[in-house]
Amino acid sequence: MTRYSKLIGFIFFAVVTLGTYGINQITAKSNRPEAEFVTIEGDAAYLTPVHAKGDIYGDHFMSSSSFDFMDNQFIFPDDESLFEKLDDTYIATYNKIMNRYRSFARGKSPYANYSESEDQIVYVDMQRNTDFSDPQNNAILLSVLDKSSEEEKSYTLSPPEDLGDIINLDDVYINFPSIHFTFNTEGQLSVYSLDLDEETPTFTKVREISQDISTDIDAYPGLDASIDYKYLEIYDAQANDAIMTVSHLYDYESDQIIPMPSYTDLIEPKVITDGDQIYMLDGYFENYQIYEVDSVNDTLELITKMQIAPYEENDSNDYVQIIPYSIVDGALYSVLSTNNQEIIQVNDIQNGELLYGGSLETTGKYKDQTKASIYDFNISQ
């Protein structure tokens, strides 16, 4: 009996622990607030490509309850198993991939670059050097998941040798099987590409962006991909510090540097693209102006004025802000925030017609005591 006492004790402990956890899960689920999108106007089918990460919070609860909205349904990590709950992050794109392809996503950084198509998922990350005595320790990590066979191919590549020791990977554009990388070496921007169809993928130098842009732009304090990732935004270091001014766009597919027209009169300009067409959006709280960019003639053409989706219980003192996120098939997706609620709004990019307006609301017995908010949002292309 003594031989098995430790084993029996462990089994008893495990049963009690898991049983207690299960009871707590059932209790937590019954007390957890629910959420839904209530259609105010338009076709709710526009919610299909939406993936959002958010919180439900209120004075009644000691902590907020997070949720993912994907595939037209709400998923609450509190309802999942202990191990699935540990996989949850604040990043919507990563959570979507983790939810559908858990074995592929586990062990990969949620902050890496992911690209998902009908056939595969591509993961790109940079393993940064942590051993300063060995500056060559940087590595580019690549993984490709074939969705049909669930087969994963992984690569570990050394960065291009001519970049030197101190490098950053500022941006990645994935257009399978081609991948473009923008490396930053002490302020010098270099674009490289590789082809994953090759038996041994190798880096090919595409261009030195820093050498091709006018010398009056002497630094790149902020670099970001435009929303559909085809364009790299390059910011003017000499612009007004209050507004990060996009001076050029780099088109990865055509290998072109596109100078942006002057827009000094705009308040909060934001670049957004729909395929090859470039738009500039500008607004302050209640509305957005949409400009079609003609980079050849250095002009901005006003298309329409964004219309705010109708919402309930609004008054003149209510805070309103609308943030555009992405254009899919001519539909501009935005999130409208007020003091009381958040709305997903979809407008026709050409004429401003409201295609959909849906309010994020809490439901159930805690409806009047809770609010819901979105802090990460993306659209499946």
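What number of residues within segment 176-188 satisfy the criterion of being in contact with a strand residue (DSSP E or B) (Cβ under 8 Å, 6 or more places away or on another chain) and either among the small types (Gly, Ala, Ser) or touching a residue at least 40 places away in the same chain (Cβ under 8 Å) (or both)? Within segment 176-188, residues that are in contact with a strand residue (DSSP E or B) (Cβ under 8 Å, 6 or more places away or on another chain) and either among the small types (Gly, Ala, Ser) or touching a residue at least 40 places away in the same chain (Cβ under 8 Å) (or both) number 6. The residue of segment 82-117 that is modelled with the lowest pLDDT, among those that are among the charged types (D, E, K, R), buried (at least 16 other Cβ atoms within 10 Å of the Cβ) and assigned to a loop (DSSP other than H, G, I, E, B), is ASP87.
When every residue of segment 269-285 is checked against the conditions, none turns out to be among the hydroxyl-bearing types (Ser, Thr, Tyr), more than 22 Å from GLY352 (Cα to Cα) and out of contact with any helix residue (DSSP H, G or I) (no Cβ under 9 Å at 6 or more places or on another chain). With respect to (1) more than 23 Å from TYR375 (Cα to Cα); (2) basic (Lys, Arg); (3) at pLDDT 60 or above, the lone exception for ARG32 is condition (1). Of the residues making up segment 141-171, those that are under 18 Å from ASP255 (Cβ atoms) and modelled with pLDDT under 90 are ASP170, ASP171.
Within segment 307-362, being more than 25 Å from PHE67 (Cβ to Cβ), at pLDDT below 80 and among the charged types (D, E, K, R) holds for one residue alone: ASP315. Please go through segment 175-190 and pick out each residue that is part of a strand (DSSP E or B) and farther than 15 Å from THR204 by Cα. The answer is ASN175, ASN184, THR185, GLN188.
The values are calculated or read from the model by the stated rules, or taken from the named source; none is laboratory data. These figures come from a predicted structure and were not determined experimentally. As a convention, Cβ positions derive from the backbone with ideal geometry for all residues, glycine included, and neighbour counts pool all protein chains shown.
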